[in-house]
Amino acid sequence: MIRFSPAPVAVVVDTREQEPYSFDAGLVTAERRALPAGDYSVAGLEGLVAVERKSLDDFISTVIHGRMRFRKELRKLAAYRASCVVVEAGVVDVMLHRYRGDAHPNAVLGSALSIILDFRIPVFFCSSRQAACQFVQAYLLAAHARWHA
């Protein structure tokens, strides 16, 4: 059973993150610093835990057009104890082509499956930015409870 800290957990937000999440201030404090990989981590676990956040359009652009650069990032994340990619949209948004560009939905889903199978990094489609924020907060709190010294 995971026991959560009674004090707020320090979450690190990468300095390159352009639209940082607003977490529950009673549970999380946020500090901005450069991270070795990902957009979010837990203070003290920066080399072990990371979340890569993507809007749907950014995910499409990254996996279709920026594939080589993103694969370098995925190789870093694959070495972590816990890492994931969180997409601020649902699979239905992919299937209904609710994104910019001409990438076929099957190519997008194939790219997500490649991340999961080739790098063993889960990709979570979280239906909306708000749902993704809640998921990332819960993920980081659980990682903190499990591995923080």
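Per-structure values
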{"item": "Residues that are under 14 Å from the mean Cα position of the chain (by Cα) and under 12 Å from I64 (Cα atoms), drawn from region 81-128", "result": "A112"}
{"item": "Some residue of region 15-36 being of a type in the set (K, R) and closer than 16 Å to R146 by Cα", "result": "no"}
{"item": "Residue that is within 28 Å of A30 (Cβ to Cβ) and aliphatic (A, V, I, L, M), where the choices are A103, A131, A107", "result": "A131"}
{"item": "Any hit, region 70-82, residues being outside any strand (DSSP E or B), of a type in the set (D, E) and in contact with a Leu (Cβ under 9 Å, 6 or more places away or on another chain)", "result": "no"}
{"item": "Qualifying residue in region 95-109 (condition: charged (D, E, K, R) and either surrounded by 14 or more Cβ atoms within 10 Å (Cβ to Cβ) or in contact with a Lys or Arg (Cβ under 6 Å, 6 or more places away or on another chain) (or both))", "result": "no"}
{"item": "Evaluation of G90 against (1) under 20 Å from V9 (Cα atoms); (2) in contact with a Ser or Thr (Cβ under 6 Å, 6 or more places away or on another chain); (3) in contact (Cβ under 8 Å) with a residue 24 or more places away in the chain (one fails), failing number", "result": "(1)"}
{"item": "Region 52-86, residues that are over 24 Å from R100 (Cα atoms) and in contact (Cβ under 8 Å) with a residue 60 or more places away in the chain", "result": "R81, A82"}
{"item": "Region 29-81, residues that are under 13 Å from V13 (Cα atoms), buried (at least 17 other Cβ atoms within 10 Å of the Cβ) and among the hydroxyl-bearing types (S, T, Y)", "result": "Y40, S41"}
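Conditions tested, residue by residue: (1) part of a helix (DSSP H, G or I); (2) polar (S, T, N, Q); (3) out of contact with any strand residue (DSSP E or B) (no Cβ under 9 Å at 6 or more places or on another chain); (4) at pLDDT 95 or above.
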{"residue": "V85", "(1), (2), (3), (4)": "no, no, no, yes"}
{"residue": "V94", "(1), (2), (3), (4)": "yes, no, no, yes"}
{"residue": "V108", "(1), (2), (3), (4)": "yes, no, yes, yes"}
{"residue": "A112", "(1), (2), (3), (4)": "yes, no, no, yes"}
{"residue": "I115", "(1), (2), (3), (4)": "yes, no, no, yes"}
{"residue": "I121", "(1), (2), (3), (4)": "no, no, no, yes"}
{"residue": "Q130", "(1), (2), (3), (4)": "yes, yes, yes, yes"}
{"residue": "A138", "(1), (2), (3), (4)": "yes, no, yes, yes"}
{"residue": "L141", "(1), (2), (3), (4)": "yes, no, no, yes"}
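The values are calculated or read from the model by the stated rules, or taken from the named source; none is laboratory data. Bear in mind the structure is a predicted one, so any value in this text is a computation, not a measurement. Virtual Cβ from ideal backbone geometry, glycine too; neighbours counted across all protein chains shown.
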